[in-house]
Amino acid sequence: MKSLRRSCTSGFTLVELAISSVVFGVILSATLGASFTAQNGFSAAVIRSRLEQRAQRALDLILDEFGTAGQTGLTPASAPPLGSFSLTYRRPTGIAAGAITWGNASTVLFEYTADEPNNGVDDDGDGLVDEGRIVLIRNVGLPTERRTVLATGVPELMPGELANGLDDNGDGLADERGLAFSVASGVLTIRLALGEADAHGRRITSIQRIAIQLRN
Ligand SMILES: [Ca+2]
Ligand SMILES: [Ca+2]
Ligand SMILES: [Ca+2]
């Protein structure tokens, strides 16, 4: 090494050049790797934040619908470990001839869409398989029935859950969907998952849960 350096003091030796380029290559690839990872983390954080906002907005709209509900009139009122992916509420409006009179029914439910049928395939190519959406239906079954989409990108099963009759993800419900309602001790719990795939096809999911004390 020393003899080589002495013989070529004005610049790099071939050996030094080779080492320099290897080191430069290592530094360059390490830097590229770091920025690639940071960018991935950034885009994942952006997607997660967007999903949280979307889920919160959907839950706020569901709260508007069910926030003042009583346990009577709520169908189904599934107790854990059972959950339901739809919930219908009919508000009592008064009493006539000794019987409760009921207002129009509102339903919030998970449903598959025409471009993403339930077939184990990502038909719409968005990186999610058999995802669905949440729809609010007011005045159910009447000519005035109105449907509003509250959120899209809802996984058909909650992350970590398999369709096997068990509570695989340990959240207290078995085989729950990305939208799940359950009622216990007068409290309605709503679980909602929203998913999106990032530019590399990795699925990012946000899960929100709210509990509402039902009126008697
Ligand atoms: Ca499908
Ligand atoms: Ca899809
Ligand atoms: Ca579960």
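Read-outs: derived from the displayed coordinates by stated rules, not from any lab. Being a predicted model, the structure only gives us computed values, none of them experimental. Cβ placement follows ideal geometry from the backbone for every residue including glycine, while neighbour counts extend to all protein chains displayed.
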Using alpha-carbon positions, the gyration tensor of segment 124-184 gives root eigenvalues a ≥ b ≥ c; with a/c under 1.5 called rounded, otherwise prolate if a/b exceeds b/c, else oblate, the class is oblate
Counting only residues 5 or more apart in sequence or on a different chain, those whose built amide H sits under 5 Å from that of ALA151 are ILE134
Lys and Arg at +1, Asp and Glu at -1: neighbours of PRO80 with Cβ under 15 Å from its Cβ sum to -3
Rounded to whole angstroms and listed largest first, the alpha-carbon spread of segment 168-208 along its three principal axes comes to 43, 18, 11
Residues SER106, SER49 in order from fewest to most other beta-carbon atoms within 10 Å are SER49, SER106
Residues ARG202, ARG48 in order from fewest to most other beta-carbon atoms within 10 Å are ARG202, ARG48
Distance in Å, no decimals, from the C-alpha centre of segment 36-64 to the one of segment 160-216 is 16 Å
Checked segment 50-213 against the a/c 1.5 cut and the a/b vs b/c comparison, axes a ≥ b ≥ c from its Cα gyration tensor; verdict prolate
